[in-house]
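Down below is the structure, laid out as structure tokens.
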Amino acid sequence: MRKEFTQIRRDPPSLIIVFIMPVFMLLLFGYAVNTDVDHIPLAVCDQDQSQASRLLTQNLINTGYFDLAYQVKNNEELKALLDSGKIRAGLVIPAGYARDLRRRETATAQLLVDGTDPLVARTAFSAAEIVGQVNSQELRLTALGREGLTIDLRGPAIDLRTRVWYNPGLESLKFNIPGLIGLIMQNVTMMLTAFALVRERERGTLEQLMVTPVKGSELMIGKLIPYVIIAFVDMGLALSIGTLWFKVPVAGSIFLLLGLTLLFLVFALGLGMFFSTIARTQLQVMQMTMLFILPSVLLSGFIFPRASMPLPIQYLGNIIPLTYFLDILRGIMLKGIGINYLWGDIIPLLGFGLGIIALASWRFRKRIE
């Protein structure tokens, strides 16, 4: 028993992970795992500019499911915000809305919903339906009170129509498949690189390369290029299965998707190499990768809507590159958007990739020297 405790004490990285992991998982799952959707970013295109139209907007916000993020002037601005992902719903109130209510007719408004995340879309759909029904009932009761409680089912009403974009059928597969492709690309590439380098160190073959005239940078590039090729083969395989078997089409440019995938692979390869410079055994590499994969799954928006998470957890998700790659995948595959809407994801992804490659290269050269 004394000998076993001595062995455990001689492996501090594993010991730290053993005690940190339970606390980390409890905090992560406790705050991030939340299927209650609220605070959906909403833009309003109020073409009526009346007290009745403002009341409809306020009633939607009062449900607690929507946050007013933008006031726009026309449908083109609303569409651009939906394409960019800055909002998840848009309310369009046409001119004449208040006039129709005064005439005791049915006033029509429309709620446009981003259907890329079916959970968010269903919540927005249900909230809009409830608001339309409750407002119609209040208007009819008011009209009845003015007329001495005369029953009249033809009183004023609100027809709040909901239209779902990008995923009209609210199919979960169309949300899950792009996310799975991103997660697979990250995990396979990262683990393959890290395990390969640590395995070589354990076998002593890496030291044999170090005594050759090959420079450290040349050695690193030579080690990474085969994994880039393997990762692209995996990407092609995953895309083929997603589009041909699961019938999730790529609505945008396939070449843009592959180009930005290369950008993400730079980060995943760099992270795998960075882990290999810290770990001494393959077990330690496994523990490190699992410690990174868990928050990637929970905080990136892969499963749970990020808008429903507490703000500190959302900020934590902003430092996970998979968050931006999932936006790119779903934007190109489901929305068909171009690079002009993706710069907000490309720039952070590029920064993460260059940063981790520089850090991994520095540590790798330091180990060689």
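Derivation of every value follows stated rules applied to the coordinates shown; laboratory data play no part. Keep in mind it's a predicted model, so treat the numbers as computed, not measured. When we count neighbours, we look across all protein chains shown, and the Cβ atoms used for this are built from the backbone with ideal geometry, even at glycine.
Compared with the alpha-carbon gap, the fully stretched path from residue 138 to residue 303 is longer by 55.6 nm at 0.36 nm per residue.
Computed about its Cα centre, the charge dipole of the stretch 1-132 is approximately 380 debye, with only Lys, Arg, Asp and Glu carrying charge at their Cβ.
The order of 9, 201, 161, 2, going from fewest to most other C-beta atoms within 10 Å of their C-beta, is 2, 9, 161, 201.
Among 114, 234, the order by Cβ neighbours within 10 angstrom, fewest to most, reads 234, 114.
Net length available on complete extension from residue 103 to residue 211 is 30.0 nm, with 0.36 nm assigned per residue and the Cα-Cα distance removed. Over 18 Å apart at the Cα level, from the set 79/247; 86/247; 79/174; 86/174; 174/335, are 79/247; 86/247; 79/174; 86/174. In sequence order, the stretch 324-335 has phi-based couplings of 6, 5, 5, 4, 5, 4, 6, x, 6, 6, 9, 8 Hz under the Karplus curve 6.51 cos²θ - 1.76 cosθ + 1.60, θ = phi - 60°, and Gly or Pro positions carry x. Cα centroid separation, the stretch 266-298 to the stretch 166-235: 11 Å.
Only beta bridges with both residues in the chain are counted; by DSSP, about 15 percent of them are antiparallel. In plain terms, the chain from residue 359 to residue 8 could stretch by 123.4 nm, reckoned as 0.36 nm per residue minus the Cα-Cα distance. The label point for residue 176 and the one for residue 240, both projected 7 Å from the Cα toward the Cβ, are 2.3 nm apart.
Could you compute the FRET efficiency for residue 282 and residue 27, with r as their C-beta to C-beta distance and R0 at 35 Å, rounded to 0.05? E(calc), rounded to 0.05, equals 0.80.
In the stretch 161-244, taking the dipole from charged Cβ atoms about the Cα centre, the farthest positive-side position among 185, 244, 167 is held by 167. Peptides 225-233, 300-308, 65-73 ranked from most to least packed by the mean count of surrounding Cβ atoms within 10 Å: 300-308, 65-73, 225-233. Placing pseudo-labels 7 Å out from each Cα toward the beta carbon at residue 77 and residue 184 gives an inter-label distance of 4.2 nm. When you count the other C-beta atoms within 10 angstrom of each residue and take the mean per peptide, 265-277, 87-99, 312-324 line up highest first as 265-277, 87-99, 312-324. In this Cβ point-charge picture (+1 for Lys and Arg, -1 for Asp and Glu), the chain has a dipole of about 840 debye about its Cα centre. Over the chain, dividing the summed -39,500 (n - 2.57) contributions of all DSSP H runs of at least 4 residues by the number of residues returns a 222 nm mean residue ellipticity of -21500 deg cm²/dmol. First measure r as the distance between the Cβ atoms of residue 16 and residue 230, then evaluate 1/(1 + (r/R0)^6) with R0 = 25 Å and state the FRET efficiency to the nearest 0.05. That pair, residue 16 with residue 230, gives E of 0.20.
At an R0 of 30 angstrom, the distance between the Cβ atoms of residue 247 and residue 339 translates into a FRET efficiency of 0.70. Which of rounded, prolate or oblate describes the stretch 44-136 when judged by the alpha-carbon gyration tensor and an a/c cut-off of 1.5? The shape class here is oblate.
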